[in-house]
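Read the figures in this text as sums done on the coordinates, not as results from a lab. Not measured: the values here are computed from a predicted model. Note that each Cβ is placed from the backbone with ideal geometry, even for glycine, and that neighbours are counted across all protein chains shown.
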Amino acid sequence: MDKKYKKLILSIVLDIIGFFTVIPFDIIWAPISGYIMTKIYKGYKGKVAGVISFLEEIIPFLDVIPTFTIMWIYTYVINKEDNKDETIIEVL
């Protein structure tokens, strides 16, 4: 399977985890979510996405926004980056 599609699957799984977190767990999940975003998508865009992911998880009732999947679409559909990028963490 292509590396970018592995990232898509991981993004969907992480969005599902974020969707099903309850308010007390959001306090723990928000910084983890932001950190993971910066590791999956490196550089300036990854850092911005990490902050957005953190805010989306920490603010109540915004959990329904699929931040990781939106970042994947932005990276591979809108910007049309190829899958040659080097990630800090290995995806699947």
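In terms of surrounding Cβ atoms within a 10 Å radius of their Cβ, S11, S53 rank from fewest to most as S11, S53. In degrees from 0 to 90, rounded to the nearest 10, what is the angle of the helix 43-58 Cα long axis to the longest principal axis of the chain? The answer is roughly 20 degrees. Considering all different alpha carbon pairs of the range 3-78, the Kirkwood hydrodynamic radius works out to 12.0 Å. Once the chymotrypsin sites (Phe, Trp or Tyr not before Pro) in DSSP loops with at most 14 neighbouring Cβ atoms within 10 Å are cut out of the chain, the longest remaining piece is 21-60. Estimated from helices alone, the mean residue ellipticity of the chain at 222 nm is -20500 deg cm²/dmol (sum of -39500 (n - 2.57) over DSSP H runs with n ≥ 4, per residue). Computing Rg and the Kirkwood Rh from the Cα coordinates of the range 1-45 gives a ratio, Rg/Rh, of 1.03. Restriction of the trypsin sites (Lys or Arg not before Pro) in the range 1-80 to DSSP coil positions whose beta-carbon has at most 14 other beta-carbons within 10 angstrom yields K42, K80.
For GluC sites (Glu not before Pro), the sites in the range 1-90 that DSSP calls loop and that have at most 11 other Cβ atoms within 10 Å are E86, E90.
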